[in-house]
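Student: Sending over a structure as structure tokens; questions will come in a sec.
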Amino acid sequence: MASPFQRYRRATVVAGAAAAGLLVIGAPVTAFALTGTFSSAPASAHATASSISDGAPRWTIGKPAAKTTIKAADGDAPAASLPTYAYVAAAGGDEVIKVNVAADTIVGEYGADTGEGIAVTPSGSTLYIAQTGQYSVIATNLTTGTQSEIEVGAYPQDVAVSPSGSLVYATVTGGDSGPGGSDQVAVIDTATNTVTSDITVGNAPRQVVFSPDGSRAYVTTSTGIYVIDTATSRVVRVIRDTSDPQGIAVSPDGSTLYVTNPDAGTLWQVNAASGRVEGVVAAGAEPYSVAITPSGSTVYVADENSNSVDVISTATGRVTGSIAVQGLPMSIAATPDGSQVWVGNGYTGSISVISTASNTVTDTISGGGQATALNSATTAIAFGPAS
């Protein structure tokens, strides 16, 4: 089954990296070996958008018959420290939903044209939305609800806010899916909400994440993973990946990258310092996105075509469980306290809430009314405090 939004697959092209003096690291396909465990891999113009406030919420939260206290898992903080708000990008519905997590209440909706990527500043003051149906990123003031557009280029797919809150990186995917298509990451200064520079990476940049200290940014593209020095805005390494990488997460200590390869059905474990692939695990069908708990002990992988989430121990690299969710899971995020993992289901337009203590689905946030299946693909999830 095809995804309700394009995954921007590209021909494998790594152009000019060696000529530019970049370190390019190859990871051979032969590394894909053991099922259920990491196998060792050899080195090789300005516009304003308004928020939506048209009456009753279109989304509902389904609870289990008897609500129980969720205990913290794998050494993370207690459930009492759940974040104040969750933000869910419902790309097909052209909106971002704001949920009060503790109260299980939808408290706001913000407009965006096919917003596929979202990120919140550490202070909780601003929400950035990659408006994939347009040429802009929307900056939303979460106190006033006012929105302004920042032009970045054609069809931005993802955004990430630096740990300091001073920078936003936006991946600009463009309309051309082959060589010659977009290969840019736009750098936004959050003080002025303007683009200060563009960084050239591989074709079809997809997801972007910052290292915990903010010194590096990592971008998945059709040609591999690009490593950016954020102080100089220069690419300092390319980790070649011919398996069409998509999702990416960084361990809390910044030492390890976890990268999904949907075409190969694998998850890579990459040494962030050296860029070498240190392990590969066979995941479910088309692993699309990945999240890691704050303790760094567990990785969760959303498998689009398996309608499931893999639970993987980072200590052993073994798949310790598989959790059934609803149709076409495509986005995933762990709460900052580690007690929950939220999974966005693209086909059903819903969120499955997983307790990390039991690794079971305890709640479901589902579309209703105007938010119907295939018209509310839940493409991104972010958590943030009250501003």
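The values are calculated or read from the model by the stated rules, or taken from the named source; none is laboratory data. None of these values were measured; they are calculated from a predicted model. Backbone-built Cβ (ideal geometry, glycine too); neighbour counts: all protein chains shown. What goes into the accessible areas is simple: the full protein's heavy atoms, side chains included, and nothing from ligands, DNA or RNA. Shrake-Rupley method; radii C 1.70, N 1.55, O 1.52, S 1.80 Å.
Student: Go through the range 236-265 residue by residue and tally those that are assigned to a strand (DSSP E or B) and surrounded by fewer than 22 Cβ atoms within 10 Å (Cβ to Cβ). Can you show your working first?
Tutor: First pass over the range 236-265, keeping only residues assigned to a strand (DSSP E or B): 236-240, 248-250, 256-261.
Then drop every residue that is not surrounded by fewer than 22 Cβ atoms within 10 Å (Cβ to Cβ), which leaves 236-237, 240, 250, 256.
Number of matching residues: 5.
Residues checked against (1) closer than 28 Å to Val96 by Cα; (2) not charged (D, E, K, R):
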{"position": "Glu286", "(1), (2)": "yes, no"}
{"position": "Ser289", "(1), (2)": "yes, yes"}
{"position": "Thr293", "(1), (2)": "yes, yes"}
{"position": "Asn305", "(1), (2)": "yes, yes"}
{"position": "Val309", "(1), (2)": "yes, yes"}
{"position": "Ile312", "(1), (2)": "no, yes"}
{"position": "Ala334", "(1), (2)": "yes, yes"}
{"position": "Asp337", "(1), (2)": "yes, no"}
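Student: Just a yes or no: is a residue in the range 328-345 open to solvent by 30 Å² or more (accessible area, probe 1.4 Å) and part of a strand (DSSP E or B)? Lay out the reasoning, then the answer.
Tutor: Taking the range 328-345 and keeping what is open to solvent by 30 Å² or more (accessible area, probe 1.4 Å), we get 336.
Adding the requirement that they be part of a strand (DSSP E or B) leaves none.
No, every residue in the range 328-345 fails to be open to solvent by 30 Å² or more (accessible area, probe 1.4 Å) and part of a strand (DSSP E or B).
Student: Quick one: is Gly317 touching a strand residue (DSSP E or B) at 6+ places or on another chain (Cβ under 6 Å), under 20 Å from Val259 (Cβ atoms) and either surrounded by 24 or more Cβ atoms within 10 Å (Cβ to Cβ) or modelled with pLDDT of 90 or more (or both)? Outline the logic, then answer.
Tutor: Numbers: touching a strand residue (DSSP E or B) at 6+ places or on another chain (Cβ under 6 Å): yes; under 20 Å from Val259 (Cβ atoms): yes; either surrounded by 24 or more Cβ atoms within 10 Å (Cβ to Cβ) or modelled with pLDDT of 90 or more (or both): yes.
Against the criterion (touching a strand residue (DSSP E or B) at 6+ places or on another chain (Cβ under 6 Å), under 20 Å from Val259 (Cβ atoms) and either surrounded by 24 or more Cβ atoms within 10 Å (Cβ to Cβ) or modelled with pLDDT of 90 or more (or both)), Gly317 qualifies.
Student: So Ala285 ticks every box in (1) under 17 Å from Ser222 (Cα atoms); (2) open to solvent by 30 Å² or more (accessible area, probe 1.4 Å); (3) in contact with a helix residue (DSSP H, G or I) (Cβ under 7 Å, 6 or more places away or on another chain) but one. Which box is left unticked?
Tutor: It is condition (1) that Ala285 fails.
Student: Cβ-Cβ distance below 6 Å, separation of 6 or more or different chains: which pairs start in the range 85-104 with a residue that is farther than 15 Å from Val120 by Cα and modelled with pLDDT under 85 and end on one that is among the aliphatic types (A, V, I, L, M) and part of a loop (DSSP other than H, G, I, E, B)?
Tutor: As it stands, the answer is Ala91/Ala377; Gly92/Ala377; Gly93/Ala371; Ala102/Leu82, since those pairs meet every condition given.
Student: Name the pairs: first residue in the range 212-226 and modelled with pLDDT under 95, second residue in a strand (DSSP E or B) and not charged (D, E, K, R), Cβ to Cβ under 6 Å, at least 6 apart or on different chains?
Tutor: none
Student: Are there any pairs with C-beta distances below 6 angstrom linking a residue in the range 363-387 that is of a type in the set (Phe, Trp, Tyr) to a residue that is at pLDDT below 90 and open to solvent by less than 20 Å² (accessible area, probe 1.4 Å), with the two at least 6 apart or on different chains, and if so which?
Tutor: From the range 363-387, the pairs are Phe383/Pro83.
Student: For the range 111-140, what are the residues that are in a strand (DSSP E or B), more than 20 Å from Arg206 (Cα to Cα) and open to solvent by less than 20 Å² (accessible area, probe 1.4 Å)?
Tutor: First pass over the range 111-140, keeping only residues in a strand (DSSP E or B): 111, 115-120, 126-131, 136-140.
Pick out the ones that are also more than 20 Å from Arg206 (Cα to Cα) and you get 111, 126, 140.
Within the range 111-140, Gly111, Thr140 qualify.
Student: Does the range 298-307 include one or more residues that are closer than 17 Å to Asp253 by Cβ, open to solvent by 10 Å² or more (accessible area, probe 1.4 Å) and modelled with pLDDT of 95 or more? Talk me through it step by step, then tell me what you get.
Tutor: Filtering the range 298-307 down to residues closer than 17 Å to Asp253 by Cβ leaves 298-299.
Going one step further and asking which of them are open to solvent by 10 Å² or more (accessible area, probe 1.4 Å), we end up with 298.
Next, from what is left, pick out any that are modelled with pLDDT of 95 or more: 298.
Looking for residues that are closer than 17 Å to Asp253 by Cβ, open to solvent by 10 Å² or more (accessible area, probe 1.4 Å) and modelled with pLDDT of 95 or more, one finds at least one in the range 298-307, hence yes.
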